[in-house]
Every structure is written in C-alpha cells, then in structure tokens.
Amino acid sequence: MWVPSSPDNGFSSVNCGKAIAASLRLLLLADTVDATLAWWATLSDERRAKAHSGIAPEREAEVLADWEDAQG
C-alpha cells in the first residue's frame, strides 16, 4: 500500500497501541491481498457485478453527525 510520506497525511499519525495491546494482528500487505482475493472468489457473479467502494453520502452524514455528537 502506498501512503504519502507527509507527516500531515493523518494515516501515519494514528496510535494503534491500544488495538495492539488488545491482540490486534498486523498482517503483511501481501497476506491481506491474498485473503481479499480468496474472499472475492467466493462471491457470486451477481454479487461481484454490484461491487462498489465507500458508503452512501447519506450514511456518511449520519456517521459524521454521530461522531460529532460523541465528541461533545
């Protein structure tokens, strides 16, 4: 996975210490790709034809509103 090396990208500023302490397993990118392709192969042609990324704008707005509420 390529991520810009900028310290402002946010991705590299996430502290995952709590998740690791709670037994999060980190995988090599190649292992993640292999597992994703194996999962993809189990899907029907109909399901693969409906592939999409992201979430609907309405759902994104709901999630962001809930997150903002939780921030107080």
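Laboratory data are not the source of any read-out in this text; all were calculated from the coordinates shown. Quantities reported herein were computed from a predicted structural model and do not represent experimental measurements. Heads up, the Cβs are rebuilt from the backbone with ideal geometry, glycines too, and the neighbour counts pull from every protein chain shown.
Structural remarks
- Among the trypsin sites (Lys or Arg not before Pro) within the stretch 29-72, those in coil by DSSP and having at most 10 neighbouring Cβ atoms inside 10 Å are Lys50.
- Theoretical FRET efficiency, 1/(1+(r/R0)^6), r = Cβ-Cβ of Leu29 and His52, R0 35 Å, to 0.05: 0.95
- Here the average projected area of the convex hull drawn through the C-alpha atoms of the stretch 11-71 stands at 6.8 nm².
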